[in-house]
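The values are calculated or read from the model by the stated rules, or taken from the named source; none is laboratory data. It should be emphasised that the depicted structure is a prediction, and the values quoted were computed from it without experimental measurement. Using ideal geometry, Cβ is built from the backbone for each residue, glycine included, and neighbour counts are taken over all protein chains shown. All accessible areas refer to the heavy atoms of the entire protein, side chains included, with ligands and DNA or RNA removed. Shrake-Rupley method; radii C 1.70, N 1.55, O 1.52, S 1.80 Å.
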Amino acid sequence: MSSSTASSLCGCSTAYYSSPLLAPKFKFKFPAKSQRPSLSTVEFRANPLTISSSLVNHRGKDGSCNSNRRRRGLLLTATLPFLLPLHEFVQDLGAKAESGMSDYLLMKEEVTKVVSKGKAASVLRLAFHDAGTFEMDDNSGGMNGSIVYELERPENAGLNKPLKILEKAKGDVNAIRPVSWADMIALGGAVAVSVCGGPNIPVPMGRLDSMEPDPEGKLPQETLDASGLKQCFQRKGFSAQELVALSGAHTLGTKGFGNPIVFDNSYYKILLEKPWQSSAGMSSMIGLPSDRALVEDDECLRWIKMYADNQNMFFEDFKNAYVKLVNSGARWRSL
């Protein structure tokens, strides 16, 4: 959402904001060349290569030559020069994976230092707005750090603040190893959820940054009804269930869905109450039009009720949908 206090894909601000944040210091060195995912959260183990004596002892009990065993022994001998390099290659992958995990832990440590509960909603919103431009049809947009070029767009009003929050962490990590904005923002949103009591979200690392802004007008609008929202998310590869799960990010921030610094399932419980229908003053200010539209749709309502009754289910589904979101449209470093 584009509210300065909401954390959603929907654009909700109509005020024009001009930010001088970027200027020339945000420069990217690596063009996107590979779609291969990073191995930073994967660990490979290779068992030592052993040779059975039965394969090289080609004499039978009667002293006769066992041709089958001999052939197997010769075959193994012939293939050893190929097997050993493969073994070394797998070991090398394991070393790279462990190095990637070390980078991930370093990044998470630095991000956790700067993302407090009070800043979490805006950092999560930053991740949604960077990733939410993805479109399946032409494989454009997505989690690529392009938000750094898009701060002057009305729907991104206020996002210079969470970007500056992450800039401190990025600078500290860059002093050890260069890291992309796409990775920092994706991880920042995950940390924002966890520091507020939500699920721990393991985010794979290795994204490349875009060197240009994404096309305009790709974020869902706050004025869409449920049908329009579902169609919009479908174009991005997300189901109605994933739409409802991701919308639960609005539990953070000051849109009236429970405690603004606690990530829980209050969003769904309050949606079911429909407080905006009350005549009491401020209750009409709760949520966005897109939030209120979800509860009027039968398919979405079914998931809203499930998440209202089962916070663990919401946490698990949100975690999976978030990882899918921040991987959408990402381009990855090659091995």
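Our coupling estimate for the range 258-267, obtained by passing each phi through the Karplus curve with A = 6.51, B = -1.76, C = 1.60 and θ = phi - 60°, is x, 5, x, 10, 10, 8, 8, 9, 4, 3 Hz, Gly and Pro reported as x. Available extension along the chain between K168 and T254 is 28.4 nm, counting 0.36 nm per residue and deducting the alpha carbon span. Note on the range 116-164: with neighbouring protein chains present and a 1.4 Å probe, carbon and sulfur make up 49 percent of its accessible heavy-atom surface. What the pair-distance distribution of the range 154-206 shows, using all Cα-Cα distances binned every 10 Å from zero, is 22, 49, 28, 1 percent.
Distance between the modelled labels on L106 and W276, one decimal in nanometres: 4.6 nm (7 Å Cα→Cβ projection). For the pair N200 and K117 in one chain, pulling the backbone fully straight at 0.36 nm per residue adds 28.4 nm over the alpha carbon distance.
Expressed as a fraction of 2.2 N^0.38 Å, the C-alpha radius of gyration for the range 212-335 is 1.12. Under 12 Å from a label point set 7 Å out along the Cα-to-Cβ vector of R235, the amide N atoms of the range 108-135 belong to 133-135. Along its three principal directions, the equivalent ellipsoid of the range 91-242 from the Cα gyration tensor extends over semi-axes of 27, 18, 16 Å, largest first. Normalised by the number of residues in the range 234-335, the average gap of Cα pairs under 8 Å and 6 or more apart makes the relative contact order 28 percent.
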